[in-house]
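The values are calculated or read from the model by the stated rules, or taken from the named source; none is laboratory data. Here the structure is a predicted model, which is why all the values come from computation and not from measurement. So basically every Cβ, Gly included, is an ideal-geometry build from the backbone, and we count neighbours across all protein chains shown. The protein model used for the area step is the full one, side chains on, heavy atoms only, and it has no ligands, DNA or RNA in it. Shrake-Rupley method; radii C 1.70, N 1.55, O 1.52, S 1.80 Å.
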Amino acid sequence: MITSDEPKSRSITGVMMNYLHICPTELWYFAHDINMSFDSDIVALGRLVNEEYYVRDAKEIPVFENVRIDRITPDGYVHEVKKSDRAEEAHLWQLKYYLWMLKRHGLGDIQGVLEFPKQRKRVPVKLTAEDEKQIEHKLQQIRDIIQQPLPPKPKKIPYCRKCSYRELCWC
Ligand code: SF4
């Protein structure tokens with residue numbers, strides 16, 4: 001059985017916001033530094049997508065401790081690059097969380113673009129007042145999950161097949 005002390009970092013990252021929408025168990029593992037992502041072929045593919053399409057651009061610009069942005073273009077748009085649109089809702093909220101953080105730090109109403117190079121798809125993203133309320137609520141949900149002493153019981157979902165934590169959950 002996996003147990004852990006309090007998560008080492010109390011900062012909520014964009015990846016945590018993303019995982020909230022995919023799987024609370026994954027969120028808990030990640031927040032507790034149980035990170036198997038480097039072994040994952042899927043993550044490696046994600047890196048390749050970034051490198052292949054945006055090799056000349058600055059990648060993962062650290063803006064704040066918990067905000068690492070893929071690209072900011074000269075027109076001021078924040079770009080988040082993903083290998084697949086399968087979890088588009090999760091990616092959308094990750095980017096909205098970045099926009100929310102930037103706004104809270106006084107950078108105004110910056111807009112974003114979700115990019116899926118493999119699908120040749122770009123989704124413009126804007127932060128609304130309703131989104132801002134929802135983000136406050138989601139942040140509390142994240143805190144509630146990661147402060148649990150044990151990971152939430154896993155539930156089988158299609159995403160499990162490619163999840164780097166599948167051996168922890170299902171073996
Ligand atoms: S294998 Fe499935 S249940 Fe386990 S962390 Fe991954 S997505 Fe969640």
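Semi-axes of the equivalent ellipsoid for the stretch 104-171, computed as √(5λ) from the eigenvalues of its C-alpha gyration tensor and ordered from largest down, come to 30, 22, 9 Å.
Take the Cα of Gln141, step 7 Å toward its Cβ, do the same at Arg86, and the gap between the two points is 2.1 nm.
Around the amide H of Val125, modelled in the peptide plane, lie the amide H atoms of Gly112, Val113, Leu114, all under 5 Å away and 5 or more residues distant in sequence or on another chain. Scattering from the C-alpha atoms of the stretch 67-109 alone, worked out with Debye: what is log10 I(q)/I(0) at q = 0.23, 0.33 1/Å? Log10 I(q)/I(0), no solvent term: -0.83, -1.24. Simple spin-label estimate for Tyr77 and Asn35 gives 2.9 nm between the two label positions (7 Å along the Cα-to-Cβ direction from each Cα).
Pull out a ≥ b ≥ c, the square roots of the eigenvalues of the alpha-carbon gyration tensor of the stretch 61-155, then state rounded if a/c is under 1.5, prolate if not and a/b is larger than b/c, and oblate in the remaining case. Note, shape of the stretch 61-155 comes out oblate. Ordered by solvent-accessible area of protein heavy atoms (1.4 Å probe), largest first, the residues Asp70, Asp144, Asp75, Asp85 come out as Asp75, Asp144, Asp85, Asp70. Among the listed pairs Lys133/Lys153; Lys82/Lys162; Lys96/Lys121; Lys83/Lys153; Lys96/Lys133, a Cα-Cα separation exceeding 21 Å is found for Lys133/Lys153; Lys83/Lys153.
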